[in-house]
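Taking it in order: structure first as structure tokens, then the write-up.
The values are calculated or read from the model by the stated rules, or taken from the named source; none is laboratory data. Bear in mind that the values here come from a model prediction, so they are computed numbers and not experimental data. Backbone-built Cβ (ideal geometry, glycine too); neighbour counts: all protein chains shown.
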């Protein structure tokens, strides 16, 4: 009798284990199957890849940016524009793996839409899905040519949709596998940081472009009604702050102060706003927070827990210890253009099956509100003035209203050498109905107005002309 009980217990235990395993496998297949299939580290995918013609990647207008072709017994990934999209599409190497869009959308590109491919055998050749990006190839190519051998980034966004129109990072590298694998060590060890996507992961002090955010706080506090005395320099808590060339601007309001990029006025505004308001502004615009996007974006950094008056003054003119990615700065610029609403950024527009059926369509929505619409309208007008009659004059385009702000950001190199500052420009156009917002940074470029504003002008002009033709 005892023997029978033991047998029953063993059978019950075995059945329990069997049902537990069955339940777990069912859970994996039904709820985690897609995730497992699309994971680039899934070894099963390497077998699938050998038998799959990887989907192509196109720009918004159907220009082929990446495709695969048969090479012996397997497929080779081809990037016809070599380095131009290395910091967007990334690379696809048997030795070094995948990055960026190639990694994030690996499952779609391999056509892993059938759960049986996770658990079953792959015994036939198949074709993956195609991906259409929001990028405009002509704009991307122009951006690459404008930066040339400079270090820096260009980001262009449609303010109303959040669609990314250009995403340029320099320096870059040839992403084609043969070249990449032959030169990997020199690329990885380069002092130029060739593998760093500066547009999305580079972190820089914002300089005077941050004054547009400080302006929002000033307007909300009613400081736009106030007049300030600008003598060319001011001492705050023992910290001397000067205008460029120590130019005295006299008695001016914030509209004139933004156009002339007055450090004297904005440092005083920073102190008037105070620590709590400066922190609230930073939080409102998404500092220290992840940005949900198709490829990784570094958090912009606002490191202050406590702030002295000198910190408040430094932050108000975009100096101190805070750092921004060019991508985040472009999003904020687009947010101002869009009445204070920052749209969730979109890089992948759609996924199409080999039969040209739409598998997935990506739409945007409001990510966060950085200011009220009436505040945004005032800042638009201030930024327009900065281009028409201020430091952003090199961004003027005949017949088109352009709003913008220059920035010349100090850094470790500029502390030793004049002209080593990072050159920023942010802007959008047309002011009355913005179609494009841009952020440009040139590392150690010197003057934002002299170096980055003309680049932004070309990007804005090219895009507006292209959509007018269509």
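Data table
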item: Wholly within the stretch 323-382, strands (runs of 3 or more DSSP E) carrying at least 1 residues that are surrounded by fewer than 20 Cβ atoms within 10 Å (Cβ to Cβ); result: 348-352, 358-361, 366-369
item: Close pairs from the stretch 436-451: first on the phi < 0 side of the Ramachandran plot, partner assigned to a loop (DSSP other than H, G, I, E, B), Cβ under 7 Å, at least 6 apart; result: 436/158; 437/159; 442/150; 443/151; 445/150; 449/391; 449/392; 451/445
item: Elements of type helices (runs of 4 or more DSSP H) contained in the stretch 1-73, each with 3 or more residues being modelled with pLDDT of 65 or more and either in contact with a strand residue (DSSP E or B) (Cβ under 7 Å, 6 or more places away or on another chain) or surrounded by 13 or more Cβ atoms within 10 Å (Cβ to Cβ) (or both); result: 43-50
item: Considering residues of the stretch 236-254 that are outside any loop (DSSP other than H, G, I, E, B) and crowded, with 18+ Cβ neighbours inside 10 Å only, the residue nearest to the chain's Cα centre (by Cα); result: 254
item: Filtered residues of the stretch 77-101 (kept if out of contact with any strand residue (DSSP E or B) (no Cβ under 6 Å at 6 or more places or on another chain) and outside any loop (DSSP other than H, G, I, E, B)); result: 93, 97, 100, 101
item: Residue among 445, 427 that is part of a loop (DSSP other than H, G, I, E, B), surrounded by 15 or more Cβ atoms within 10 Å (Cβ to Cβ) and touching a helix residue (DSSP H, G or I) at 6+ places or on another chain (Cβ under 8 Å); result: 445
item: Counted residues, the stretch 126-152 - those being assigned to a loop (DSSP other than H, G, I, E, B) and surrounded by fewer than 20 Cβ atoms within 10 Å (Cβ to Cβ); result: 4
item: Of all residues in the stretch 110-120 being at pLDDT below 65, part of a loop (DSSP other than H, G, I, E, B) and in contact with a helix residue (DSSP H, G or I) (Cβ under 9 Å, 6 or more places away or on another chain), the one that is nearest to residue 334 (Cα to Cα); result: 113
item: Hits in the stretch 383-410 (condition: buried (at least 20 other Cβ atoms within 10 Å of the Cβ) and either out of contact with any strand residue (DSSP E or B) (no Cβ under 6 Å at 6 or more places or on another chain) or assigned to a helix (DSSP H, G or I) (or both)); result: 383, 384, 386, 387, 390, 394, 395, 408
